[in-house]
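Q: This is the structure I have questions about; it appears just below.
The values are calculated or read from the model by the stated rules, or taken from the named source; none is laboratory data. If you're wondering where the values come from, they're calculated on a predicted model, not measured in any experiment. Every residue, glycine as well, gets a Cβ built from its backbone with ideal geometry; the counts of neighbours run over all protein chains shown. SASA here: full protein model, heavy atoms, side chains in, ligands and nucleic acids out. Shrake-Rupley method; radii C 1.70, N 1.55, O 1.52, S 1.80 Å.
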Amino acid sequence: MTPTDTPTGYDEPSQQESIILAMTNPAVAHSFAEARRLIHALAFAAHKHRDQRRKDKDASPYINHPIALAHILISEGGVSDAVVLCAAILHDTIEDTETSYSELRAAFGTEIADVVREVTDDKSLAKATRKQLQIEHAAHASPRAKLVKLADKVANLRDLASTPPHDWSIDRRRAYFDWAKQVIDGVRGTNAQLEAAFDKAYAARG
């Protein structure tokens, strides 16, 4: 019998049996668990950001931003780590909504909550201080936090170039571009594709 021969008396599994076999496969079960966690993160972030809008002229729903980060990470950075993707979706929940670290940890586990906390600014500090700390801390961030930072800055520069806030002058926009570059220069060597995407976005500085 060759490897491709069907043993005598062997019947192909039914559709229902195939589904059961697939769902009991450890690899498939793991993928399902990760997909469920991503959907949970999306639903959680959508609820937390439900009353928030972006600063662009169209005041687009805030949830568009974390979704953009996940899309950039997967489609442009080739990132498949579910911890990174969930953290990207949740990255502004502690900083910009009534969400605590302990709440995130209870809902998504320590790994994801820790990455979100890493990329969260301390709103009790002055804005200029927070921006300087981002520059100083970038090089020391964990690899996962660096990926989230890269995607965040790519998304922000693209939005700023295409749909800037109506009250931002060209000088203010350029200053943001230059500050973002200082942050990203500290995470170079993390993901070549995302760094190239950032450089392309930065080229729209004008």
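Q: What's the magnitude of the charge dipole for the chain around its Cα centre, counting Lys and Arg as +1 and Asp and Glu as -1 at the beta-carbon? Answer in Debye, nearest 20.
A: So the dipole magnitude of the chain works out to roughly 1060 debye.
Q: Just checking my list (1) -0.42, -0.66, -0.95; (2) -0.48, -0.72, -0.97; (3) -0.33, -0.60, -0.96 against log10 I(q)/I(0) by the Debye sum over Cα atoms at q = 0.09, 0.12, 0.15 Å⁻¹ computed from this structure; which label fits?
A: Checked against the structure: label (1).
Q: So which trypsin sites (Lys or Arg not before Pro) in region 28-103 pass both tests, a DSSP loop state and at most 14 other Cβ atoms within 10 Å of the Cβ?
A: Those satisfying the criteria are R50, K57.
Q: Can you give the FRET efficiency for E34 and S100, using 1/(1 + (r/R0)^6), R0 = 22 Å, r = Cβ-Cβ distance, to the nearest 0.05?
A: 0.35
Q: Right, next: Compute the accessible area per residue over region 94-206, keeping the other protein chains in place, probe 1.4 Å, unit Å².
A: 51 Å²
Q: Then there's this: Please give the Cα centre distance for region 146-206 versus region 70-145, rounded to the nearest Å.
A: Value for the Cα centre distance between the two parts: 17 Å.
Q: In addition: Can you pull out the trypsin sites (Lys or Arg not before Pro) in region 173-206 whose DSSP state is coil and whose Cβ has at most 15 other Cβ atoms within 10 Å?
A: Sparse-neighbourhood loop trypsin sites (Lys or Arg not before Pro): R188.
Q: Another question, then. Leaving out ligands, DNA and RNA, what percent of the accessible area of the chain is carbon and sulfur, probe 1.4 Å?
A: 54 percent
Q: Within the chain, what's the longest run with no chymotrypsin sites (Phe, Trp or Tyr not before Pro) in a DSSP loop and at most 16 other beta-carbon atoms within 10 Å? Give the range, please.
A: Segment 11-167 is the longest.
Q: Relative contact order for region 50-155 using alpha-carbon pairs under 8 Å, separation at least 6, rounded to a whole percent?
A: Once normalised by length, the contact order is 28 percent.
Q: A further question follows. Just flag the GluC sites (Glu not before Pro) in region 45-120 sitting in loop per DSSP whose Cβ has no more than 10 other Cβ atoms within 10 Å.
A: Answer in residue order: E98.
Q: If you wrap a convex hull around the alpha carbons of region 36-125, what volume per residue comes out, as a whole number of Å³?
A: Taking only Cα atoms, region 36-125 has a hull volume of 106 Å³ per residue.
Q: Working out 0.36 nm times the residue gap between S124 and S60, then minus their Cα-Cα distance, what length gain in nm do you get to one decimal?
A: 20.4 nm
Q: Continuing with the same structure: Report, in cubic angstrom per residue, the convex hull volume of the C-alpha atoms of region 117-176.
A: Roughly 99 Å³ of hull volume per residue.
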